[in-house]
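Read the structure below first, then the notes.
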Amino acid sequence: MNFVADTSYLLSQDFVQTTLVACALLGILSGVMAPLVVLRQMSFSVHATSELALMGASAALLFGLNVGFGAVAGAVVAALVLAALGLKGQQDSAVGVVMSFGMALSVLFIHLYPGNSNRALSLLTGQIVGVSAQNVALLAGTTVLVVGAVLVLWRALIFASADPVMAAACGVPVRAMSFAFAVLVGIASAQSVQIVGALLVMSLLITPGAAAAQVTANPVHAVWWSVLFAEASAVGGMILSLAPGVPVSVFVAFISFGIYLICRVIGGVQSHRIQPNYRYAR
């Protein structure tokens, strides 16, 4: 009963309602991006980008700048570098190098930060009380920008992601698509870092897309399922973390992992149903 009462009380507070709106926006943002990240096999790159977003955010915190803009700057630069190296076939090793360098700088900036250490560490594990109206406004603008860009570039992105060689032969600017998508990934990673922390960005930018891929092969349906899963993880994780005071990233990861396991089972059942029918048809 204390859990329910405490949660209900906290949900009535303005700062929690602000964070709830931020989580809902983040669910849309990450849900739209996750299926494309999975399709392009960029899971490791997303993790590296989040580390550079952490570096930018911690640097901004240290020098008294806006943390949100610092995270976006670090993530976008990292994503562009990784995209450029990936086009040269060096992405796997480059991701490891960039990620370790970014993490080292992040640790240094957090160590040098003279203020409240909890605020700095929240960039690693996520935060609830630190989300301001300014952060929500920035996140809302980012969500509109990213979703709009995906809608405009949808056909080209899907074609370039599924078969880049054929797409290039048909006149699709594959190189430009790679850089454009890298920028979108960087922006999405930067916003995710401020809510769930750098350590668990993959819970929102990869897991919902991976779960959706288990239940549908239709790219459009995958986006809808991914948004639904990301919303359940982000909003549900935030609400469950209120009463116990646990970092929001913990419950976000638990919920997203649970959804993935369920979708994995559903996908396995669907494949077993299709295979006998296929053999019978032959």
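Quick note: the coordinates plus some simple rules give every number you see, no bench work behind them. Being a predicted model, the structure only gives us computed values, none of them experimental. All Cβ positions, even for glycine, are placed from backbone atoms using ideal geometry, and neighbour counts span all protein chains on display.
Calculated from DSSP H runs of 4 or more alone, at -39500 (n - 2.57) each and per residue, what is the 222 nm mean residue ellipticity of the chain, nearest 500?
-28500 deg cm²/dmol
What percentages make up the Cα-Cα pair-distance distribution of the stretch 179-248 when the bins are 5 Å wide from 0?
Values per bin, smallest distances first: 3, 16, 21, 24, 19, 11, 4, 2, 0.
May I ask which residue of PHE181, THR142, GLY245 lies farthest towards the positive end of the charge dipole of the stretch 142-282, with charges of +1 (Lys, Arg) and -1 (Asp, Glu) on Cβ and the Cα centre as origin?
Checked the options; the winner is PHE181.
Treating the beta-carbon of each Lys and Arg as +1 and of each Asp and Glu as -1, no other charges, what is the dipole magnitude of the stretch 2-281 about its Cα centre, to the nearest 20 debye?
In total the dipole reaches around 580 debye.
Which whole-number percent gives the relative contact order of the chain, counting Cα pairs below 8 Å spaced six or more residues apart?
Computed over the chain, the figure is 31 percent.
Mind checking the log10 I(q)/I(0) for the chain at q = 0.11 Å⁻¹? Debye, one equal scatterer per Cα, no solvent, two decimals.
For the requested q values the scattering log ratios are -0.63.
Where is the GNM fluctuation largest for the chain (alpha-carbon springs, 10 angstrom cutoff): VAL32, VAL185, VAL215?
Between VAL32, VAL185, VAL215, it is VAL215 that shows the largest mean-square fluctuation.
I'd like the FRET efficiency for LEU261 and VAL220, computed as 1/(1 + (r/R0)^6) with the beta carbon distance as r and R0 of 30 Å, rounded to 0.05.
0.80
Among all helices in the chain defined by DSSP H, which have a length of 27 Å or more along the axis from Cα atoms plus a Kyte-Doolittle mean of at least -0.5?
The answer, listed by residue number, is 14-39, 43-62, 67-87, 91-112, 133-162, 174-196, 219-242, 248-281.
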